[in-house]
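The values are calculated or read from the model by the stated rules, or taken from the named source; none is laboratory data. Here the structure is a predicted model, which means the values were calculated and not measured. Counting neighbours? That spans all protein chains shown, and the Cβs are built from the backbone with ideal geometry, glycine included.
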Amino acid sequence: MSILESPPPDLRARLRDFYEDYVFCLDEFRLEDWPAFFTEDCHYRVQSRENHDAGLPVGIIHCMNKNMLKDRVTALRKTTVFQPRSLRHFVSGVRVQEVRDGEVDAQANFLIIESMSDQNPVISLVGRYIDRIVISEDGFKIKSRDCVYDNYQILTSLITPV
Amino acid sequence: MSILESPPPDLRARLRDFYEDYVFCLDEFRLEDWPAFFTEDCHYRVQSRENHDAGLPVGIIHCMNKNMLKDRVTALRKTTVFQPRSLRHFVSGVRVQEVRDGEVDAQANFLIIESMSDQNPVISLVGRYIDRIVISEDGFKIKSRDCVYDNYQILTSLITPV
Amino acid sequence: MSILESPPPDLRARLRDFYEDYVFCLDEFRLEDWPAFFTEDCHYRVQSRENHDAGLPVGIIHCMNKNMLKDRVTALRKTTVFQPRSLRHFVSGVRVQEVRDGEVDAQANFLIIESMSDQNPVISLVGRYIDRIVISEDGFKIKSRDCVYDNYQILTSLITPV
């Protein structure tokens, strides 16, 4: 388990790849693959900056484990009706904040552009991922992800994961 | 030709550099340097997501070899009249999809911001590059590039390469 | 001082990290940490593309040394009144233009998204950093930075550093 004791020297570069794999999964709308990025006991929350800065726990999406992520995917596929759209993520500023035993606190900016079939592309969501990521021999897994958006309101109902 | 048999270990990082060199060339409007990113027998197409997903071949730009790229540059420089503007590309999510003998299938998201002399910057085009890239001893060359955009329509005539 | 004679082989990757640390500092509004990215005798300017292309020296912000950067931070903290907002930077296209003795000329694209408390996020500023960066044993320091924006006008008064 040496990898758990000494983080890889190219940790930041590998995390950048991991973030890009994550958003690729969402951009391709491969929702069933999305929970695999998380640990079983994960925390996943989409939250306004206002609430985050005030230390309030409320989020517009809040999942306390991987099964809740899977339920969300099922709901999206089976019951939610929504207009077709393309979402495209742009990630920048991947940073390692702290490294502990087998875990890394990391952060990155995201920009999501939404294109619908009858209007020009717009900024759907902008903000940052605030993450705790487990470094295992299988690669990275997200133990905790807060998607903290800067938007003062979410224009359309937030349909897909961030 | 060992490089053709075993792809470099830092392939993804090197591809990221290559994508950024490509868009730098376009942002600087160095159009004459643009065809050099491609092989002689290249395919280059700019296509809507709608057509791409339906498997339709139609694109708003379609070049079947490097000479057609050069012709396009000549046309742009000599005959096309258009209002001055700044285009700036943002590339994210560079991914290696598959590696074969001396070739790599890769993909990346692009966001092009257009600034004209009398209005605020707008999202000009958003989408992804879907590429087949040849790994040679001279570096990378694009054998096939589909620029698949999410926009439902192209507002201004698409003047410069994507 | 061998590092001054032979630039590190992963220079571009390390510069990308440096650019992302820089914009993280600004996105987090850690203004007091911002001058530390610069040398004592630095040049820092925010300038329109129009003026830059015409070779005109005029910029909307122009600092000739690190003390002027610090003064600017003090002014921002103590005297300037402005509406709260989130700024988020996206950096792409980091490139090494030239390497000389212990210095590197580098460039990158920036996109700044502004979110205010009563409107949707908008493109605040888009353009490129044109830099001379000193490579020292302590890491990188910016000796000269021109922030050349494509916007034809700055909508709101430019409050924070770019």
Which count do you get for residues in the range A:110-161 that are over 24 Å from A:Val58 (Cα atoms), of a type in the set (Asp, Glu) and not in a strand (DSSP E or B)? 3
Only one residue in C:Phe37, C:Phe82, C:Phe90 is buried (at least 17 other Cβ atoms within 10 Å of the Cβ) and either without any contact (Cβ under 8 Å) to a residue 12 or more places away in the chain or more than 14 Å from chain A (Cβ to nearest Cβ) (or both). Which one? C:Phe37
Filter the range A:140-149 for residues that are of a type in the set (A, V, I, L, M, F, W, C) and within 14 Å of chain C (Cβ to nearest Cβ) and give the result. A:Cys147, A:Val148
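For (1) within 19 Å of A:Tyr44 (Cα to Cα); (2) more than 14 Å from chain B (Cβ to nearest Cβ); (3) touching a residue at least 40 places away in the same chain (Cβ under 8 Å), each residue gets a yes or a no:
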{"residue": "A:Val94", "(1), (2), (3)": "yes, no, yes"}
{"residue": "A:Arg100", "(1), (2), (3)": "no, yes, no"}
{"residue": "A:Ile112", "(1), (2), (3)": "yes, no, yes"}
{"residue": "A:Gly127", "(1), (2), (3)": "yes, yes, yes"}
{"residue": "A:Asp131", "(1), (2), (3)": "yes, yes, no"}
{"residue": "A:Asp138", "(1), (2), (3)": "no, yes, no"}
{"residue": "A:Asn151", "(1), (2), (3)": "yes, yes, yes"}
C:Val58 is checked against (1) away from chain A (no Cβ under 14 Å); (2) over 19 Å from C:Val148 (Cα atoms) and fails just one. What number does that condition carry? (2)
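Here's the yes/no breakdown for (1) within 16 Å of the chain's Cα centre (by Cα); (2) over 29 Å from B:Phe29 (Cα atoms):
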site	(1), (2)
C:Arg12	no, no
C:Glu20	yes, no
C:Phe37	yes, yes
C:Tyr44	yes, no
C:Val58	no, no
C:Leu69	yes, yes
C:Ser86	no, yes
Surrounded by fewer than 15 Cβ atoms within 10 Å (Cβ to Cβ), modelled with pLDDT of 95 or more and among the aliphatic types (A, V, I, L, M), is that true of B:Met68? no
What number goes with the only condition from (1) surrounded by 12 or more Cβ atoms within 10 Å (Cβ to Cβ); (2) out of contact with any strand residue (DSSP E or B) (no Cβ under 6 Å at 6 or more places or on another chain); (3) within 14 Å of chain B (Cβ to nearest Cβ); (4) more than 22 Å from A:Arg30 (Cβ to Cβ) that A:Asp118 does not pass? (1)
Pick from the range B:40-55 the residues that are touching a residue at least 40 places away in the same chain (Cβ under 8 Å) and either of a type in the set (Gly, Ala, Ser) or loosely packed, with under 12 Cβ neighbours inside 10 Å (or both): which of them is nearest to the other protein chains (Cβ to nearest Cβ)? B:Ser48
